[in-house]
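Asks: Below are the structure tokens for one structure; questions will follow.
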Amino acid sequence: MNLLPTSSNISSKDLPLREDIRLLGRILGDTLREQEGDATFDLVENVRRSSVLFRKKQENADRIQLEHLLDHLTPGDTLAVVRAFSYFSQLSNIAEDLHHNRRRRAHLKSGSKPQEGSIQLALERLLEKKISPQALQEFFDKAIVSPVLTAHPTEVQRKSILDCQMIISSLLSNRDRIDMTPEELADNEEALRRFVLILWDTRMLRYSKLTVQDEIKNGLTFYGHTFLMEIPQLYANLEKQLEKHYSQSFKVAPLLRVGSWIGGDRDGNPFVTADVMSDAAKRHSAVALEFYLAETNLLACA
């Protein structure tokens, strides 16, 4: 499976993205053939080719042919086509996210001008505006940024799928960040194939509705490898950049405070009671405490 534009429409800097999507698309296509058979694989390929042809030429005859093909699908064939293209989109999104990180690292390694949205560019603009270090320190002493997690009723993606996507993302990233031997690359691809197979064999939608306790648990699973790891690095990087630009030390207060409505939305969810809200607060506290205890243990073992 490959829905990428032709090479003439892709710049050299995006070629790694093209190769990543080709790899994942090839693995997904092999998985589809192995799990569903040649007939289903050929059907999905026919839909793909017809879609690409219509997209390129925008001719009415191609549109009619595609509509005819889709209108005559059986329920089982429809499910296979929907799942194939859905998983291809998910895998493509993984590759695109990694490519954004790849391009950001390339900019940093080359020493190019700061990009929009970067801390470095923001500080350079502050210098241009002649904002004093004292005013900036006062701002950091009082500033509060509070991103808030929420459980949305339309969120149907299962945690098992999200976990699988994270592993695939890590494996794909290793191919780019680590200088692998041919044997290591083969092992990496084999691992990718295993987890794409797991992804294919996992139901996309859950059959039962999540409880509020389930939503709390699902939300907390992402803290360990996102906020708790990244926020301290953000503070450290910000302090280094401030010292570099202003030639004096700064102390950045804990201005980034993560919030959550999950288990505490007393307006929108009738199942959120006082006991549920208390339990949510205890679970959040436990996650933070366990993380810091683990970090302390690492220091003790160093």
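The values are calculated or read from the model by the stated rules, or taken from the named source; none is laboratory data. The model shown is predicted, which means the values in this text are computed figures rather than measured ones. Heads up, the Cβs are rebuilt from the backbone with ideal geometry, glycines too, and the neighbour counts pull from every protein chain shown.
Asks: If a residue has to be without any contact (Cβ under 8 Å) to a residue 40 or more places away in the chain, in contact with a helix residue (DSSP H, G or I) (Cβ under 7 Å, 6 or more places away or on another chain) and among the hydrophobic types (A, V, I, L, M, F, W, C) to count, how many in segment 206-256 make the cut?
Replies: Adding up the residues that qualify gives 0.
Asks: OK, next. Of these, ILE167, ILE119, which one is under 23 Å from GLU239 (Cβ atoms), surrounded by 13 or more Cβ atoms within 10 Å (Cβ to Cβ) and of a type in the set (Val, Ile, Thr)?
Replies: Selected residue: ILE119, the only one of ILE167, ILE119 that is under 23 Å from GLU239 (Cβ atoms), surrounded by 13 or more Cβ atoms within 10 Å (Cβ to Cβ) and of a type in the set (Val, Ile, Thr).
Asks: Mind counting the residues in segment 184-205 that are outside any helix (DSSP H, G or I) and touching a helix residue (DSSP H, G or I) at 6+ places or on another chain (Cβ under 6 Å)?
Replies: 1
Asks: For segment 112-183, give me every one of the helices (runs of 4 or more DSSP H) that falls completely inside it and has 3 or more residues that are touching a His at 6+ places or on another chain (Cβ under 9 Å).
Replies: 119-128
Asks: Got at least one residue in segment 24-44 being in contact with a Phe, Trp or Tyr (Cβ under 8 Å, 6 or more places away or on another chain), closer than 20 Å to LEU98 by Cβ and modelled with pLDDT under 90?
Replies: No - not one qualifying residue is present in segment 24-44.
Asks: Could you list, ordered by first residue, the pairs with Cβ atoms under 9 Å in which the first is in segment 105-120 and free of Cβ contacts under 8 Å to residues at least 24 places away in the same chain and the second is in a loop (DSSP other than H, G, I, E, B) and surrounded by 12 or more Cβ atoms within 10 Å (Cβ to Cβ), at least 6 apart or interchain?
Replies: Every condition considered, the pairs that remain are HIS107/PRO114; HIS107/GLN115; HIS107/SER118.
Asks: Which numbered condition in (1) farther than 17 Å from VAL145 by Cα; (2) among the small types (Gly, Ala, Ser); (3) under 25 Å from the mean Cα position of the chain (by Cα); (4) surrounded by fewer than 14 Cβ atoms within 10 Å (Cβ to Cβ) is the only one that SER278 fails?
Replies: Going through (1) farther than 17 Å from VAL145 by Cα; (2) among the small types (Gly, Ala, Ser); (3) under 25 Å from the mean Cα position of the chain (by Cα); (4) surrounded by fewer than 14 Cβ atoms within 10 Å (Cβ to Cβ) one by one, SER278 breaks only (3).
Asks: Quick one: which residue in TYR292, TYR246, TYR223, TYR235 is exposed (fewer than 14 other Cβ atoms within 10 Å of the Cβ) and of a type outside the set (Asp, Glu)?
Replies: TYR292
Asks: Could you list all residues from segment 190-243 that are among the hydrophobic types (A, V, I, L, M, F, W, C) and closer than 30 Å to PRO114 by Cα?
Replies: Result: PHE222, PHE227, LEU228, MET229, ILE231, LEU234, ALA236, LEU238, LEU242.
Asks: A further question on this structure: For segment 253-275, which positions are under 20 Å from ILE144 (Cα atoms), surrounded by 15 or more Cβ atoms within 10 Å (Cβ to Cβ), in contact with a Leu (Cβ under 8 Å, 6 or more places away or on another chain) and not hydroxyl-bearing (Ser, Thr, Tyr)?
Replies: Once the filter is applied, which keeps residues that are under 20 Å from ILE144 (Cα atoms), surrounded by 15 or more Cβ atoms within 10 Å (Cβ to Cβ), in contact with a Leu (Cβ under 8 Å, 6 or more places away or on another chain) and not hydroxyl-bearing (Ser, Thr, Tyr), segment 253-275 yields LEU256, VAL258, TRP261.
Asks: Still on this structure, I have one more. Please go through segment 178-225 and pick out each residue that is in contact with a Phe, Trp or Tyr (Cβ under 7 Å, 6 or more places away or on another chain) and either among the β-branched types (Val, Ile, Thr) or at pLDDT 85 or above (or both).
Replies: LEU199, TRP200, VAL212
Asks: Now for a separate question. I'd like the full set of residues that are assigned to a loop (DSSP other than H, G, I, E, B) and touching a helix residue (DSSP H, G or I) at 6+ places or on another chain (Cβ under 8 Å), limited to segment 257-275.
Replies: VAL258, ILE262, GLY263, GLY264, ARG266, ASN269, PHE271, VAL272 - these are the residues of segment 257-275 that are assigned to a loop (DSSP other than H, G, I, E, B) and touching a helix residue (DSSP H, G or I) at 6+ places or on another chain (Cβ under 8 Å).
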